[in-house]
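Asker: Supplied in structure tokens, the structure appears directly below.
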Amino acid sequence: MKKWTLLLLFCIVAMGAQAQFEKRTKYIGASLSGLGLSYSSNERFRMGIDAEAGYFIADYVLLKGNIGYEHTRYTDDVRIGATARYYFSQNGIFMGAGAEYNHFTKSNNDVMIPVEVGYAYYLNQYLSVEPSVYYKMSLHDFSGNSTVGLRVGLSYYF
């Protein structure tokens, strides 16, 4: 009996999760990036904050814009970008890619190609915690500015 009750509860939760990825759903979020795990050949420590807003143009397809700030020991950068994100069915796993323009305070500006893989863990019907791993490839200085890191975000779907 316990197994059937648990299975029924799981099915109800899974059906409720589908509504977040439907066409015309809006998205806002904030995240911390780097978290001390980001790596590039120029800097080993990076810490950043991002604000994001987006819109589902189709089921499971989110287009979003972001603005962010990142701090390292020697430079700070401000960035603005656009990303497309695809959610794999109802399970919350997502994959995204896009483009960002970075303005570094003490060096050249750069265009980055970010790619990320993550998971949307829902706390309730609208609010989710989204850990992800990202790679940002620099088009200006591939070996010096490209980074790999971890991001943890809090998102609201409505």
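We did not get these values from a lab; they are worked out from the coordinates using the rules stated. Bear in mind that the values here come from a model prediction, so they are computed numbers and not experimental data. As a convention, Cβ positions derive from the backbone with ideal geometry for all residues, glycine included, and neighbour counts pool all protein chains shown.
Asker: How many nm separate the modelled label positions at Leu139 and Phe45, each set 7 Å beyond the Cα in the direction of the Cβ?
Answerer: 3.2
Asker: May I ask you to list the aspartates and glutamates whose Cα is less than 15 Å away from that of Lys26, ignoring any residue fewer than eight positions away on the same chain?
Answerer: Partners within reach: Glu52, Asp59.
Asker: Here is a follow-up. Assuming 0.36 nm per residue, please report the length gained on full extension of the stretch Ala58 to Tyr156 beyond their Cα-Cα distance.
Answerer: Gain in length upon complete extension: 33.5 nm.
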